[in-house]
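Presented below is the structure to which this report refers.
What follows is calculated from the coordinates using simple rules that are stated; it is not laboratory data. All values derive from a computational prediction rather than experimental measurement. Every residue, glycine among them, receives a Cβ derived from its backbone with ideal geometry; neighbour counts consider all protein chains shown.
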Amino acid sequence: MARNQSQPEAEREEVLECVQQNCPHCNKRMRNKYDNYRTVRTLAGVIRLRLKIRRCYNGECERFGYVLRPEAEGKWALPQHEFGLDVMALAGALRYGEHRSVPEIHHQLQGRGICVSQRSVSHLLERYEELLALCISNKRRLQEIVGGNKQVILAIDGMQPDVGHEVLWVIRECLSGEILLARTLLSARSEDLAVLLREVKEAIGVPIAGVISDGQQSIRKAVEVALPEVPHGLCHFHYLREAAKVIYAADRHAKKELKKQVRGVRAIERSVTNNDDPVSKTVQGYCLAVRSALTDDGRPPLEASGLKLRSQLTLIEQSLERVAQKGD
Ligand SMILES: [Zn+2]
């Protein structure tokens with residue numbers, strides 16, 4: 001049964017940045033080259049990914065023009081895929097954990113709000129099987145992934161579709177975007193993860209320059225144990241999201257308090273609405289400035305609405321003081 005709807009609209013956007021900001025070959029800072037967009041259907045809705053692609057502009061670099069995609073991209077979906085890895089993990093758990101048929105899985109996914117055809121469910125299950133069949137000891141495949149790179153950056157993510165399901169663990173190589181190893185484990189114990197990381201370390205043959213994850217406790221411990229010398233970075237997305245919760249709450253409160261102070265603007269505006277003289281015109285202009293500052297929201301976490309309102313009101317206040325000083 002083919003899908004008869006078109007690609008669904010994205011419900012929100014996620015901006016992904018490269019954690020690694022220096023060229024892995026010459027170690028000079030890479031600049032943003034362009035943004036790349038992808039739409040992925042996940043269990044949390046349809047997400048538009050905005051990928052900040054970086055490029056090495058150092059003319060002396062042996063890999064001049066080298067392009068890096070954000071490391072976190074691979075956590076969302078496989079390359080060229082429109083369905084999220086979490087959807088694939090759920091389909092796989094239903095098929096192999098609960099022995100559901102394709103029509104049943106199709107029904108369940110639709111019930112979770114995912115726009116998917118039965119044929120896509122079959123494809124998802126095929127990809128899931130391929131993923132788990134990836135063999136870390138296949139030397140030729142490893143050579144293709146590592147290519148001429150002198151080092152690799154690993155990312156590790158665990159996907160547990162629902163409580164009680166097995167966790168699908170995926171270890172990726174970030175410079176190539178390829179998946180090195182995928183396993184399902186009943187647990188998220190650090191001992192089990194350390195085994196996976198050691199397996200990758202032994203097979204890969206080049207130094208590991210860093211590990212990137214969402215910083216889950218068991219992953220941190222596993223990296224410490226299996227790769228003690230390797231720096232462990234967190235995805236910007238995850239720590240920004242965590243930090244943003246506190247900042248967002250404080251900023252929202254600040255904005256509410258500021259708004260109280262300029263409530264009188266409506267009454268002033270009404271009193272001069274129908275007047276045409278220069279003074280009334282000026283007052284109308286200031287009222288308009290205050291009102292547009294009130295509705296001009298920043299996008300958290302990088303632009304705080306409360307702080308933005310404060311700086312705009314300060315500018316208006318300073319302007320009013322200058323007018324008062326002039327005296328006319
Ligand atoms: Zn370079």
Quick one: if the Förster radius is 56 Å, what FRET efficiency do Arg322 and Thr39 give, using the C-beta to C-beta distance and rounding to 0.05? 0.70
Fully extended, how many nm does the chain gain between Arg310 and Arg112 (0.36 nm per residue separation, minus their Cα-Cα distance)? 67.1 nm
Work out, step by step, the length gained on full extension between Val195 and Gln216: first 0.36 nm times the residue separation, then minus their alpha carbon distance; give nm to one decimal. 5.9 nm
The distance between the Cα centres of the range 91-132 and the range 195-228, in whole Å, is 30
Between Ile268 and Ala289, what is the label-point separation in nm under the 7 Å Cα-to-beta-carbon projection? 1.0
Once the Cα gyration tensor of the range 1-118 is found, what semi-axes does its equivalent ellipsoid get, as square roots of 5 times the eigenvalues, in whole Å, sorted largest first? 37, 15, 10
Anisotropy class of the chain from Cα gyration tensor, a/c 1.5 cut: prolate
Here, Lys245 and Phe64, labelled 7 Å along Cα→Cβ, have an inter-label distance in nm of 4.8
In the range 185-234, which GluC sites (Glu not before Pro) are in a loop and have at most 11 other Cβ atoms within 10 Å, using DSSP for the loop call? Glu229
For the range 247-285 the trypsin sites (Lys or Arg not before Pro) that pass both the DSSP coil test and the at-most-10 other-Cβ-within-10 Å test are Arg263
In terms of the alpha carbon gyration tensor, root eigenvalues a ≥ b ≥ c, rounded if a/c is under 1.5 and otherwise prolate when a/b exceeds b/c or oblate, the range 128-221 is prolate
How many nm is it between the label spots at Leu132 and Gln21, if each spot is 7 Å from the Cα in line with the beta carbon? 4.1
So what is the relative contact order of the range 112-268, in percent, for Cα pairs below 8 Å that sit 6 or more residues apart? 18
Kindly provide the GluC sites (Glu not before Pro) of the range 56-163 that DSSP labels as loop, not H, G, I, E or B, and whose Cβ sees at most 13 other Cβ atoms within 10 Å. Glu60, Glu62, Glu98
Once you have the Cα-Cα distance between Gln261 and Lys28, take 0.36 nm times their residue separation minus that, and quote the gain in nm to one decimal. 79.0 nm
Zone of Val102's modelled label, taken as backbone nitrogen in the range 110-154 under 17 Å from a point 7 Å along Cα→Cβ: 110, 116-130
Is the range 244-326 rounded, prolate or oblate when judged by the Cα gyration tensor, a ≥ b ≥ c being the square roots of its eigenvalues, rounded requiring a/c under 1.5 and prolate requiring a/b larger than b/c? prolate
Hey, with R₀ at 22 Å, roughly what FRET efficiency would Glu11 and Ala254 work out to, going by the Cβ-Cβ distance, to 0.05? 0.20
Pop the C-beta distance of Asp276 and Asp296 into the FRET formula with R0 = 30 Å and round what comes out to the nearest 0.05. 0.60
